[in-house]
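Only one structure is covered here, and it is reproduced in the block below.
The values are calculated or read from the model by the stated rules, or taken from the named source; none is laboratory data. Keep in mind that this is a model prediction, so the values were computed, not measured. Cβ sites come from the backbone with ideal geometry, for glycine too, and all protein chains shown count toward neighbours. Each accessible area value is taken on the protein alone, full model and side chains, heavy atoms only, with ligands, DNA and RNA left out. Shrake-Rupley method; radii C 1.70, N 1.55, O 1.52, S 1.80 Å.
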Amino acid sequence: MKNVILLGAPGSGKGTQSAKLVGSKSLNHVSTGNLLRDEIAKESVLGLKVKQVMESGQLVSDELVAELLKANLKLDSEAYIFDGYPRNLEQAKTLSTILGNHSCVAVYFKLDTEKLVERLANRRVTKDGKNIYNLITNPPKNSGVCDISGEPLLQRDDDKEEVVRKRMEVFESTINPVLSYYKDSGKLVEVNANQSLDGVFGELISKIE
Ligand code: AMP
């Protein structure tokens, strides 16, 4: 199985589609955002270092994220969905080094940014960020509670409007070189992320096979 690299703005559906992919393919999900949030929850040295940067919507340093990522991969035995990594050209190059001879496809979730602010304002997640809902398009069966774990659903601090705007700005200023990098190596495919969850998933599956 090929490694799958998901590229797209915050709120474009990478996490939600990752969960669907994990259920249908023998792929593991690795989200650098979740790994960083776990560090913050544990109050580790790394977590304390990155907390403020994340709360402001900026990117954590390339070195810290690369170390954390490498420590959580077993590429010789597993294939992964990379969610939220790479975020810039440097990280794309680092990921190529990490992957070595392991094959990969990069998928760009294309969506107009106006929709994203609304999506993020309506996103609710479990404390670990792993179960994701949208109050309008994918609501939980019981209001405020996760269908799977029964935990209360929360709004991520960085999904608040002002931070969302900063995150969009960061995304727009860093994504183009990443897209060119994968396009030039013949590894880029695009998915129209402005569809129903199942519509996006169908297109995603057809493009990574
Ligand atoms: P995400 O959950 O992917 O939206 O990421 C949430 C926040 O975690 C981002 O706004 C960054 O502060 C940080 N983060 C996640 N992934 C990366 C990455 N690959 N490089 C730098 N910072 C990251």
message: Checking the table Lys115/Lys160; Lys51/Lys166; Lys2/Lys130; Lys49/Lys166; Lys127/Lys187 against a 25 Å threshold on Cα-Cα, which pairs fail?
response: Lys127/Lys187
statement: The convex hull of the Cα atoms of the chain, divided by residue count, gives a volume in Å³ per residue of 118
field: Ratio of Rg to Rh over the stretch 140-209 (Cα coordinates, Kirkwood Rh, two decimals)
entry: 1.09
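Can you give the extra length, in nm with one decimal, that the chain gains between Val189 and Glu63 once fully stretched, where that is 0.36 nm per residue apart less the Cα-Cα distance?
42.6 nm
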field: the chain: DSSP helices with Cα axial extent of at least 24 Å and average Kyte-Doolittle hydropathy no lower than -1.0
entry: 161-184
- line: Taking r as the C-beta separation of Lys20 and Glu78 and R0 as 22 Å, the FRET efficiency to the nearest 0.05 is 0.75
message: For a Förster distance of 25 Å, can you work out the FRET efficiency between the beta-carbons of Ser44 and Thr113, rounded to the nearest 0.05?
response: 0.15
- prompt: Mind listing P(r) for the stretch 1-64? All alpha-carbon pairs, 10 Å bins, whole percents.
  reply: 18, 43, 32, 7
task: Sort all Cα-Cα distances of the stretch 90-129 into consecutive 10 angstrom bins from zero, then give the percent of pairs in each bin up to the one containing the longest distance.
output: 20, 27, 33, 20
query: For the stretch 32-117, which whole-number percentage of the solvent-accessible area (1.4 Å probe, protein heavy atoms only) is attributable to carbon and sulfur atoms?
result: 48
